[in-house]
Amino acid sequence: MKNISAVTTDNVEKEDHQETIRMEERIVEAHLIGMGINQGRPVLMAVVDDLLICYEMYAKSNKQSEHLCICFRRLPHTVPLRSTPFTSSDGTRNEVVVGKETERQKQLIVPFERISSVLNGVFVIGSEPHMFVMGAWGGLMKHSLSLDGSIRAFTPFNNQNVLNGMLYLIDKGQGQELRIAKLQTAFDYELPYPTMKIRVGTTVNNVFAVVTSVATPCNKIWVVVNDDKQIEVHEKSDEFVLPTIQQYSLNLYSPEDWAPVPNTEMGFGEMEVVTSCEEVALRSESTLSGLQPYLAIGTINNYGEEVLVRGRIVLAEIIEVVPEPGQPTSKHRIKVIYDKEQKGPVTALCAMDGYLLSGMGQKIFIWSFKDNELSGLSFLDMHYYINQIIPLRCIALACDIQESISLVRFQEDFKALSIVSRDERLGIQAPMAAQFVVDGNHLGFLLSDECGNVHMFNYAPETKETFGGDRLLLRAAINIGTNINSWVRVKGHTSHLNLSHKETMAASQQMTSVFGSLDGSFGFVRPISEKSFRRLHFLQQFISTAVPQVAGLNPKGARAARPLRPTINAHNPRHMVDGDVVERFLHLSTADKQELARRLGASRYHIIDDIFQVKRMASYF
């Protein structure tokens, strides 16, 4: 490995002007490292102004004699090397942490070879340690390794007990602790996020208790004779191409070996489709918390247009038993507590305030579970087909397959289920998934549709446009170019922030809504403070014209909701900031950052702090 490094620890003076270079301008450390296959992808990494920046070297023709035919390109990877903000409470620049003259400078960028399945890469130590590897498709990948906090030192380690492992030193209490570790070889680290593939052999439909389906040929038709359904079997020759149906089953998977737990498979009948599989917490008198977790499964029996559509609700417990010899993962079993056919198709299930909420076609039912029986409390007529229900305490979002979302409330004292507000826009695109946006005492509602749009709503009964709260107020809409089919709401990650106890409690109540899309990508939506929003909002307006954009696209037009509606898209910039656009500020040169910050009337360090705070709060690990 070719490794050219430079570390400066003394005062550096410009020979031409005899002026001392400021700490923010000093290159504390620099490495030119060969990465990738045969180390043929040189990457220049440097530590400047408490930031790690990366450049990729590539060949370029140069007609000047005795000049290298190379050039450097800035990569979109900027890592902070400090845990505290860049600016203090009075707006001034905090002292530089990395490269202090009073401290002996240690190496921050550590190249390595052969750690588990990673052939070569770079480990960056500090308050936010990262690992860099060159992806198989040619891109530089960055992985955060901040589970153990700040890492003081790192080195590869290999012996007969730990093959291709590593040693690292962390802070532990008043002292330090040396740890020996290794990366899991089953994971692929050359992707944007470490990934392990588990071959199931069937189509996966759910990932809690895994629901799978297999296409099987079918030569049966269900017909109604004297109010009873009967099966007609049509024998065909071997050359006849039979239609296929999905045969569903449910399995538990153990995180110890990511293999199916033995003897836990639950089968379903022919023409029975599993539409919902959720963990629900229902009220129970047998637990101290008053809630008992169950596995809720909803199905639809679709036998054709002649047979009335029915469904089932299945409630089961995951119990522990004595494992079988040689099978340590067989300690779990599925115990069915409730299984009964319903009068309609079960299209959605969730738990709301200890009760079971079910969507059955165009209706919503709420049930109480007692003595292993479901008792109906109330129901509500909706639009066409409820395909998803998202609960939050005593309210829920009901997502209709044709008529957007509705806000539903359950009043326990009156046993009443009612509609609080709904989206009554005309000509909307077919919805796909919905979720809440939680910002302390404030709530917002997110909706994704089949055109790749993400809409944000508010319940604002005091405004005229909502007619006293009967209509949800559309705040913003953005097109992300992919179809979002699932949302997950998680708490804000505050362990990487240097906040007081009061600030930590307030920040933890700002929840992150993480989404997954049909093309395999994922991202997040989260609320930010008013001060940060104003800075990032104006930065988004300026950076779209000051910096060349990807493929020459105008961010405002490329992110406009489809179909184009001026009345909707005009509101978008005032309520939503595109993180992909403003994050490009981190990868600009110092002169460009300073110029954009001057136009905004703010310091460039304020903007850097705002961007990194959002990234740290939404950290997945």
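The values are calculated or read from the model by the stated rules, or taken from the named source; none is laboratory data. It should be emphasised that the depicted structure is a prediction, and the values quoted were computed from it without experimental measurement. Heads up, the Cβs are rebuilt from the backbone with ideal geometry, glycines too, and the neighbour counts pull from every protein chain shown.
Laid out as a table, the results:
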{"item": "Check on V438, out of contact with any strand residue (DSSP E or B) (no Cβ under 6 Å at 6 or more places or on another chain), buried (at least 19 other Cβ atoms within 10 Å of the Cβ) and either within 21 Å of I528 (Cβ to Cβ) or modelled with pLDDT of 95 or more (or both)", "result": "yes"}
{"item": "Test: residue in segment 433-440 that is among the aliphatic types (A, V, I, L, M), under 30 Å from P85 (Cα atoms) and touching a Leu at 6+ places or on another chain (Cβ under 7 Å)", "result": "yes"}
{"item": "Residue selected from segment 445-459 under the condition part of a loop (DSSP other than H, G, I, E, B) and in contact with a Lys or Arg (Cβ under 9 Å, 6 or more places away or on another chain), by the criterion nearest to A506 (Cα to Cα)", "result": "G452"}
{"item": "Identity of the residue in segment 488-514, in a strand (DSSP E or B) and not β-branched (V, I, T), that ends up surrounded by the fewest Cβ atoms within 10 Å (Cβ to Cβ)", "result": "R489"}
{"item": "Any hit, segment 571-582, residues being of a type in the set (A, V, I, L, M), within 16 Å of L447 (Cβ to Cβ) and exposed (fewer than 14 other Cβ atoms within 10 Å of the Cβ)", "result": "no"}
{"item": "Every residue from segment 389-408 that is assigned to a strand (DSSP E or B) and touching a Phe, Trp or Tyr at 6+ places or on another chain (Cβ under 7 Å)", "result": "I390, L392, L397, D400, I405, L407"}
{"item": "Enumerated strands (runs of 3 or more DSSP E) restricted to segment 171-240, each holding at least 3 residues that are more than 30 Å from P262 (Cβ to Cβ)", "result": "175-181, 220-225, 228-233"}
{"item": "Single condition A396 does not satisfy, out of (1) closer than 30 Å to S83 by Cα; (2) not assigned by TED's automatic domain parsing to the domain that holds F515", "result": "(1)"}
{"item": "Matching residues in segment 1-47 - criterion: being at positive phi, part of a loop (DSSP other than H, G, I, E, B) and modelled with pLDDT of 85 or more", "result": "G36"}
{"item": "Residue tally, condition at positive phi and modelled with pLDDT of 95 or more, over segment 275-298", "result": "0"}
{"item": "Residue within segment 97-109 that is under 28 Å from the mean Cα position of the chain (by Cα), under 22 Å from L32 (Cα atoms), surrounded by 16 or more Cβ atoms within 10 Å (Cβ to Cβ) and modelled with pLDDT under 90 present", "result": "no"}
{"item": "Sole residue being within 20 Å of the chain's Cα centre (by Cα) and either on the phi > 0 side of the Ramachandran plot or among the hydrophobic types (A, V, I, L, M, F, W, C) (or both), chosen from V454, V420", "result": "V454"}
{"item": "Residue match in segment 465-478 (condition: surrounded by fewer than 20 Cβ atoms within 10 Å (Cβ to Cβ), in contact (Cβ under 8 Å) with a residue 24 or more places away in the chain and closer than 22 Å to D353 by Cα)", "result": "no"}
{"item": "Pairs, first in a loop (DSSP other than H, G, I, E, B) in segment 419-444, second surrounded by 17 or more Cβ atoms within 10 Å (Cβ to Cβ) and not charged (D, E, K, R), C-beta under 7 Å, six or more apart", "result": "D423/S404; D423/I405; D423/F457; D423/L472; R425/S404; I428/S404; Q429/N453; G440/Q510"}
{"item": "Of residues in segment 336-363 being closer than 22 Å to L291 by Cα and aliphatic (A, V, I, L, M), the one surrounded by the most Cβ atoms within 10 Å (Cβ to Cβ)", "result": "L356"}
{"item": "Number of the condition not met by N453 [criteria: (1) surrounded by 21 or more Cβ atoms within 10 Å (Cβ to Cβ); (2) touching a helix residue (DSSP H, G or I) at 6+ places or on another chain (Cβ under 8 Å)]", "result": "(2)"}
{"item": "Segment 288-312: number of residues that are among the charged types (D, E, K, R) and exposed (fewer than 14 other Cβ atoms within 10 Å of the Cβ)", "result": "2"}
{"item": "Test: residue in segment 111-124 that is surrounded by 17 or more Cβ atoms within 10 Å (Cβ to Cβ) and over 32 Å from the mean Cα position of the chain (by Cα)", "result": "no"}
{"item": "Counted residues, segment 575-618 - those being among the aliphatic types (A, V, I, L, M), in a helix (DSSP H, G or I) and over 30 Å from L474 (Cβ atoms)", "result": "5"}
{"item": "Number of the condition not met by S406 [criteria: (1) in contact (Cβ under 8 Å) with a residue 24 or more places away in the chain; (2) within 28 Å of T512 (Cβ to Cβ); (3) assigned by TED's automatic domain parsing to the domain that holds V490]", "result": "(3)"}
{"item": "Where a residue in segment 182-198 is under 18 Å from S521 (Cβ atoms) and its partner, wherever it lies, is among the charged types (D, E, K, R) and part of a loop (DSSP other than H, G, I, E, B), with Cβ under 8 Å and at least six apart", "result": "D188/K197"}
{"item": "L252 being under 18 Å from I334 (Cβ atoms) and touching a residue at least 40 places away in the same chain (Cβ under 8 Å)", "result": "yes"}
{"item": "Residue in segment 131-140 that is within 15 Å of R82 (Cα to Cα), aliphatic (A, V, I, L, M), touching a residue at least 24 places away in the same chain (Cβ under 8 Å) and touching a strand residue (DSSP E or B) at 6+ places or on another chain (Cβ under 6 Å) present", "result": "no"}
{"item": "Number of positions in segment 452-462 that are of a type outside the set (A, V, I, L, M), within 20 Å of M576 (Cα to Cα) and without any contact (Cβ under 8 Å) to a residue 60 or more places away in the chain", "result": "3"}
